[in-house]
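Computed from the coordinates by the stated procedures, all read-outs in this text should not be read as laboratory data. The shown structure was predicted, so the numbers you read here are calculated from the model rather than taken from an experiment. Backbone-built Cβ (ideal geometry, glycine too); neighbour counts: all protein chains shown.
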Amino acid sequence: MPQSDCLPTEDALSMEECRNALKALLARVEVLGRRFLKGVPLYSPGRSDEWIVSEGGSWVGGFWVGLWWLRAFLGHVAADRERAAELCRHLRNKLDVDTVNRSLIFWYGAAGGAYSFHDEEAGTLLQEAAIRLTATYSHELQAIPMGTAMGGGDKGRFCIGVDSLAPLIALLAHASTDALEYARRHTDTLVAVCATECRAFYPGASCNERSWQVHGEAGAWPRGQAWAMLGLTQAATHWGDPYTTLALDACRYWLRSWPDGRPLQNGLHDLSATAIAVVAMMTLAPWLADGADLERRARAQLAAIVRSEYLVLDEVADNSLKGMFYGACYTTRPGVVEQVESLWGTYFLTTALSRQAGLEVWSKIRGPTT
């Protein structure tokens, strides 16, 4: 990286710190699993441990299943695998929901079973979801639109967003060569419309009479920038350049903007965005001719999360809150953004820690490359 990007960083986690954090996060999943035998815990404000629960799981349901696949893979406990498989089967109800968020639901909810355990039902769900999403490709937009469900409404048929890019590419790789080509066109459209010259990303855009209108402010939503980094990294693993360069530029924007790994949204830190960004940087680094510095910066930001006040690692009360990671910013009601404990935050933090600990989780769940 250029010298201007080489800002001071924290030391990386020790192996003991890494494994202790992993153990705590996975224990927290078990605690929540005992409480919520039905439905999906969506988020919990602050350290309240008072969860909003959804019967269907909305767009975060796949992360709940994904966390159980991770528990099963890392802990080698048969009961966890059975729980993951059962939760995965329930995702089938989302196959025909008109939303691009099916990519988030099915990739993160089924890929762990399909790759880590060769679970036949999980593999079938990936294939079926990929086919469904491919069918929604719009030749007019040269993209897969957001869809009308999960808040999209009628306007969702003409909108695109950065948050689903990575799982969309990974999932469409399971359908056909044509489907993967659609994923590439979708990626090109998203970059052309939502990326600035410095590779800050707008959260999304809408098309009206063949003219695109971007949403929000480029680079201002940390999680949106992190989603874009993750998506471009997935594109790089499939197609190489120019996506490798685009991904690196998006990472550099992140590191210039938030070198301490503590991005702000509405005056609040969103370390769930940092967890996603860390996964993106750690995934991209091996694909670079000289990725050592990017890997180092990613590990430093991972350390910033684990050593922050937003991850509970000390002994607390009956120990039920140990492993609580409540550093995600989320709109809990109109006009109100709060820090919450979230499934996606825990999922990506667990994934990043697994990577640094040398546990080969990602190689089991990353999509095939072409």
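How big is the C-alpha Rg of the chain next to the rule-of-thumb value 2.2 N^0.38 Å, as a ratio? Could you put the intermediate results ahead of the total?
Details: Rg = 19.0 Å, N = 370, 2.2 N^0.38 = 20.8 Å.
Ratio of Cα Rg to 2.2 N^0.38 Å: 0.91.
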query = PRE reach from Ala357 (point 7 Å along Cα→Cβ): which of the range 296-310 fall under 15 Å by backbone N?
reply = 303, 306
query = Per residue and in Å³, how big is the convex hull formed by the alpha-carbon atoms of the range 268-317?
reply = 81
ask   = Does anything in the range 270-290 have its amide N under 18 Å from the 7 Å Cα→Cβ label point of Ala220, and if so which residues?
value = 270
request  = With a/c under 1.5 counting as rounded, go ahead and sort the range 222-317 into rounded, prolate or oblate using the C-alpha gyration tensor (a ≥ b ≥ c being the square roots of the eigenvalues; past the cut-off, prolate if a/b is larger than b/c, else oblate).
outcome  = prolate
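Length gain on complete extension for the stretch Val336 to Thr177, per 0.36 nm per residue less the alpha carbon to alpha carbon distance? Present the calculation step by step, with values, prior to reporting the outcome.
Numbers: separation 159, 0.36 × 159 = 57.24 nm, distance 4.30 nm.
Residue separation times 0.36 nm, minus the Cα-Cα distance, leaves 52.9 nm.
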task = Please give the calculated 222 nm ellipticity per residue for the chain, where each DSSP H segment of at least 4 residues contributes -39500 (n - 2.57) and the sum is spread over every residue; nearest 500 deg cm²/dmol?
result = -16000 deg cm²/dmol
message = Please compute the length gained on full extension between His139 and Arg185, using 0.36 nm multiplied by the number of residues separating them and subtracting their Cα-Cα distance.
response = 15.6 nm
task = Arrange the peptides 300-311, 30-41 so that the one whose residues have, on average, the most other Cβ atoms within 10 Å appears first.
result = 300-311, 30-41
inquiry  = Take Glu82 and Thr124, extend 7 Å from each Cα along the Cα→Cβ direction, and tell me the distance between the two endpoints in nm.
reply    = 2.1
inquiry  = Can you pull out the GluC sites (Glu not before Pro) in the range 44-117 whose DSSP state is coil and whose Cβ has at most 16 other Cβ atoms within 10 Å?
reply    = Glu50, Glu55
query = Tell me, in nm to one decimal, what length is gained between Cys198 and Lys155 on full extension, where the rule is 0.36 nm per residue of separation less the Cα-Cα distance?
reply = 12.6 nm
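In the range 148-210, what GluC sites (Glu not before Pro) fall in a loop by DSSP, with at most 15 other Cβ atoms inside 10 Å?
On the way: sites: Glu181, Glu197, Glu209; in loops: Glu197, Glu209.
Qualifying residues, ordered by number: Glu197, Glu209.
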